[in-house]
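Taking it in order: structure first as structure tokens, then the write-up.
The values are calculated or read from the model by the stated rules, or taken from the named source; none is laboratory data. Everything numeric here is computed off the predicted structure, so don't read it as measured data. For neighbour counting, all protein chains shown are included, and Cβ atoms are generated from backbone atoms with ideal geometry for every residue, glycine included. Only protein heavy atoms, including side chains, enter the accessible area calculation; ligands, DNA and RNA are left aside. Shrake-Rupley method; radii C 1.70, N 1.55, O 1.52, S 1.80 Å.
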Amino acid sequence: MQPWFMKVNDQVVENSFFSLEEPHCLNFITLVRVFGDSIARWSVKCERDPNSEHSIIKWLPAQDDFPRTSQGAILDENDETKIRFRKAGYYLLLGRVAARLKKKFNTNESKYYGTVRLELRTNGGLPLHIDAEVVSYPNNFNEDLSFNNKMAEYGPINDIIYAESDSYISVRATTGACFARHGTAPSPFGVDKIPTQSLSAIRLDYNMRVDRYQVSLYQNKVSYKRALGGEESVPNQAPLFVAADDRDGLGLLKALEDCRCIVIGCLSCKMGDTVSLYKNNDAIIHSQLCEGSGHGYGSHTLNTVVEIKANDTFVIKSRGSDVQSGGHLAFLTLQ
């Protein structure tokens, strides 16, 4: 067994190995003291009908001991498919949901046979923020595989959004179907055996710095576009990074100041791909999607806590297919 250490700071507890030689995946756990002025959590409501192929997830308040507040996010009293934001601001969303293909589907309906989208909309229904590939199936899916062998796919909800007052969030499947059987509440299979489908929303303090970028990856060429949402011009949301290119033309993010950040990221890629996040020349996250674990596409989650100095650089590198992929990378400062 390799030696390890525990580092304890005011808000962070982290376990890590001293050295790792090109692992396929890096396993670690980081604990961060809960922050923000409101936290809420919901579980996916179990669908009792085994033949149901509903397209929008229904929610139930999770059984937890979080303090109830009048601020933040709540379940809509009249529509259990909507989580409504009472107060405007930045929210950290964490969770996972499942989907599967429908028994009968029209391959001409969409680019994908099945996708699950996270949608943040105004009270009038206008889109504010869309994550289009929480779960996705490619259009070259093997149609000879019987429906019963097309297992449910779990996808992460892992992002920072800006929500307007009285806007709402919903999770819906397009052409595919939400799979509200496994890992739901109440769970018919036992909570200790099935991954939980849930969503947590933490409203961030006004003085917390947020920076977020849309990421595009193709043939190991990465580009970044700042996409913060909301009031991007307020003073405390000035960029923490500047997007640039290195001498090889590889896109990178260069830090403008010293800070300690939570990294929240997600990148949709083809199964079999490996994605790494580098700080300067050191890999701080490795993520691999095993070819046998899904039906075409999956999501890399890039979550960690880092100490950043001015002029530090962050680079995403990929090994695997040349399929174009995309996602986001967000940074949240810890005070």
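Structure notes:
- Of the numbered criteria (1) touching a strand residue (DSSP E or B) at 6+ places or on another chain (Cβ under 7 Å); (2) at pLDDT below 75; (3) over 26 Å from G72 (Cβ atoms); (4) of a type outside the set (A, V, I, L, M), the one G190 fails is (1).
- Yes/no for R212 being surrounded by fewer than 18 Cβ atoms within 10 Å (Cβ to Cβ), within 23 Å of the chain's Cα centre (by Cα) and at pLDDT 90 or above: no
- Segments classed as strands (runs of 3 or more DSSP E), wholly inside the range 249-335, with at least 1 members that are at pLDDT below 90 and farther than 22 Å from I160 by Cβ: 259-270, 274-279, 282-288, 297-308, 313-319
- Index of the failed condition, E77 passing every other in (1) open to solvent by less than 60 Å² (accessible area, probe 1.4 Å); (2) modelled with pLDDT of 65 or more: (1)
- Checking the stated criteria, A173 turns out not to satisfy the condition of being modelled with pLDDT of 90 or more and buried (at least 20 other Cβ atoms within 10 Å of the Cβ).
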